Amino acid sequence: MKNTILKYSIITLSIFTFTFSQQERLMWEDLVDKKGVKYAAGSKKPFTGRVFDNYKNKGRKLTGSFKNGKMNGSWTFWKEDGKIDREEAYLLGEKNGEWTLYDDNGKKLKSERYSKGKKTGSSSLYHPNGQKSKEETYVNDKREGKWTSWYSNGKREKVEFYKKGKKVNKWNYYNEDGKLESTVSYKNDFKDGKSIYYSSQTGKKEREESWKRDVENGLWIWWNDKGRKIKEGSFQAGQKHGLWMNFNDKGKKFEEAQWKNGELSGKTTMWDNNGVKSIIKSFKEDEKDGLWVWWSPSGNKVKEGSYKLGQKHGKWIFYYADGSKKRLENYDKDKKSGKLIRWYANGQKSQEEFYKNDEKHGNFKYWFDNGRLEKEEKFSNGVQTDGKHYDYFDN
């Protein structure tokens, strides 16, 4: 019986001794890499056991374990000055468990978790002063759930949301005082819905935007620091579309314009600071087209005329302050063409002229303000002809 026990003890000790020898510690430089698998120098079997390395000053550099030639379990790395650099964890060569990174002072910079090589669970990042800078969550290497960032003073900087790695829901951004700066809506990684921006000084709304899949779409509104609306208009598929309005600091409208597919199209109306209409413009596909009218601050019409494809076309009429006609011009493709008439303030005609392609062409007549003819001239293509020249007296 005693012999049997003795034999069993010798066998057990031999197994333990053999196992321990397989777990002996090696220097990093004693390992050989073969296609990503580590072997002890001279061995044909993948290395299993502890490994370490030192700096030239004999300070620790690293310590960790291998299993079947792959990094396995906890690993620790140090800087040359002896301070810890990082801690890692593996399972047969894959990242698995908690990883921690430290700064030059030994303070924690980052902590994250892995499962079978993929980020999973909570990750934390830190400012140099030790304040947490970010809290993140991953599932299978993809961003997931609520993410929060902080400034170094501990104030919240940003709150984000993810689903399967894509941006979703409302994101909030804050300034260093902790005041809300903006709220941005996301859907499937795109800006989608309302985004609101706030004044850093007053906290009041500065701008409200509407988006659809990262493209401007819907109503946009701007406000000044006093909370008064200064502009509003809509986008369609990323282009200005429909009515756009501008307001002065007192909240009075001074301009409204019609847009279509990113181009001015239709009427644009402007008012002065007293609310008096000052001009009506007409556009088509971003070019001047149609009737334009101007008014004085007193509300009297100053002039009116039409454009066609961006050029003056047809009758243009200019007025005196009392509303009576001052001048009439005719245009064809931005050039004077046809009759031009001028009037005195008393209503008497003062001149009658004719043009062709912006040059004097035809009979020119001039009158005194009492209606008597003053003189006559004739022109052809800008040159005065040999015809008679008449001069008259006002009496």
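What to note about this one:
- Structure-derived Rg/Rh (Cα atoms, Kirkwood Rh): which label, when the choices are [x] 0.99; [y] 1.41; [z] 0.95: [y]
- Residue ranges 84-97, 338-351 sort as 84-97, 338-351 when ordered by packing (mean number of other C-beta atoms within 10 Å per residue, highest first).
- Among the GluC sites (Glu not before Pro) within region 155-197, those in coil by DSSP and having at most 15 neighbouring Cβ atoms inside 10 Å are E176.
- Gyration tensor (alpha-carbon) shape descriptor, region 289-394, a/c threshold 1.5: oblate
- Fully extended contour minus Cα-Cα distance, from L92 to N363, at 0.36 nm per residue: 87.2 nm
- Proximal lysines to K44, defined as alpha-carbon separation beneath 17 angstrom and excluding residues fewer than eight positions away on the same chain: K34, K35, K67, K70
- Peptides ranked, highest mean first, by Cβ atoms within 10 Å: ranges 271-279, 182-190, 65-73: 65-73, 182-190, 271-279
- Pairs from K231/K315; K250/K308; K95/K132 whose Cα-Cα separation, in the structure shown, is over 27 Å: K231/K315; K250/K308
- Within the chain, helix-based [θ] at 222 nm, where runs of 4 or more DSSP H residues each add -39,500 (n - 2.57), nearest 500: -2000 deg cm²/dmol
- Scoring 127-138, 33-44 by mean Cβ neighbours within 10 Å over their residues and listing the highest first yields 127-138, 33-44.
Here, each number is a calculation from the coordinates, and none is a lab measurement. Note that this is a predicted model, so its numbers are computed, not measured. In this analysis, Cβ positions are derived from the backbone assuming ideal geometry, glycine residues included, and neighbour counts consider all displayed protein chains.
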